[in-house]
Amino acid sequence: MSERFAELYTPEVRARADRIAEFLALTSVDDAPNRIDLICLAGNGVLACVDHAASLARHHGCLLLITGGVGHSTPPLMAALAARLDCAPSALAGLSEAELVSRLITADALVPRDQIILETRSTNTGENAAFTRDTLDELGLTPHHIELIQDPLLQRRTEATFRHVWQDKQTRFFSSPPFVPRLGEALTTASWTEERYLSLLLGEIPRLHDTPEGYGPNGKGFIGHVEVPQDILVQHQALAEIFSGQSGR
């Protein structure tokens, strides 16, 4: 751990970060019916998501749609995938996130190729939702129950985005992150660097909070209203003050 992030390992800061992560890693799959029609995996740099999504697709015997073009998560995904496949990152250059994930699934025979659908154009969460919808429409598929898998720190916003983009359809969405991050474990169980973990953790709350600066109806309108508990706002403010002060040193 770098000296810059020594505060992360104080009990108070760790507890605050874990509380925020627990909120962001939304798990709503307990409310899902027995029958899931589609597993939708949004490209990200956490390979545990790939194994989790493949396991769910096998369990439900349903299609697995992987959505992701080239975006912020592509470099960490490529690096993690190259390490797992024991190849040079250059061998994966030019592939979309969906194609990268598909390469791993095929190499490890996690899911049959004819059970996988790829959406390779999207560059952000809104496009993940919109282009997934377009892809399924083009294929004449109308899933009623979709289980979403995403980087745990982006899971709550991903579900809110899909619900918003698909609001005129009868489709129901359920969230199933592969795990809930815990500070101290997170940097070893996933491909986050300290900087990326903090950036995701602290950046998501302002996006979810329904204010003029956020992504909700009172802001950019990318998602529907998300109720952010006051406790989460307090924890976020405390961490933001700690790390904004540290970044100026």
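Data overview
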{"read-out": "Per residue accessible area of the chain, 1.4 Å probe, in Å²", "value": "45"}
{"read-out": "Amide H contacts of residue 70 (H built 1.01 Å from N, under 5 Å, at least 5 apart or other chain)", "value": "97"}
{"read-out": "Share of Cα-Cα pairs in the chain lying beyond 30 Å, as whole percent", "value": "26"}
{"read-out": "The chain: calculated mean residue ellipticity at 222 nm from DSSP helix runs of at least 4, using -39500 (n - 2.57)", "value": "-14500 deg cm²/dmol"}
{"read-out": "Span from the the range 110-124 Cα centroid across to the the range 134-177 one, whole angstrom", "value": "14"}
{"read-out": "Ordering of 225-232, 102-109 by packing [mean C-beta count within 10 Å, highest first]", "value": "102-109, 225-232"}
{"read-out": "Mean Cβ neighbour count within 10 Å, used as a protection proxy, ranking 163-171, 19-27 highest first", "value": "19-27, 163-171"}
{"read-out": "Under-5 Å amide H pairs with residue 63, H placed in peptide plane, nonlocal only", "value": "39"}
{"read-out": "The range 26-76 - percent of accessible surface contributed by carbon and sulfur, probe 1.4 Å", "value": "52"}
{"read-out": "Bins of 10 Å from zero: percent of alpha-carbon pairs in the range 116-235", "value": "12, 40, 35, 13, 1"}
{"read-out": "For the range 1-147, diffusion coefficient by Stokes-Einstein and Kirkwood Rh (Cα), 37 °C, 0.692 mPa s, µm²/s", "value": "196"}
{"read-out": "Accessible area of the range 103-249 belonging to carbon and sulfur atoms, whole % at 1.4 Å probe", "value": "50"}
{"read-out": "Inter-site label distance for residue 93 and residue 234 at 7 Å from Cα along Cβ, in nm", "value": "5.2"}
{"read-out": "Mean Cβ neighbour count within 10 Å, used as a protection proxy, ranking 59-72, 201-214 highest first", "value": "59-72, 201-214"}
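The values are calculated or read from the model by the stated rules, or taken from the named source; none is laboratory data. What you are looking at is a predicted structure, and each value in this text was computed from that prediction instead of being measured. Reconstructed Cβ throughout: ideal geometry from the backbone, glycine too, with neighbour counts over all protein chains shown. The accessibility values were calculated without ligands, DNA or RNA, using every heavy atom of the protein model including side chains. Shrake-Rupley method; radii C 1.70, N 1.55, O 1.52, S 1.80 Å.
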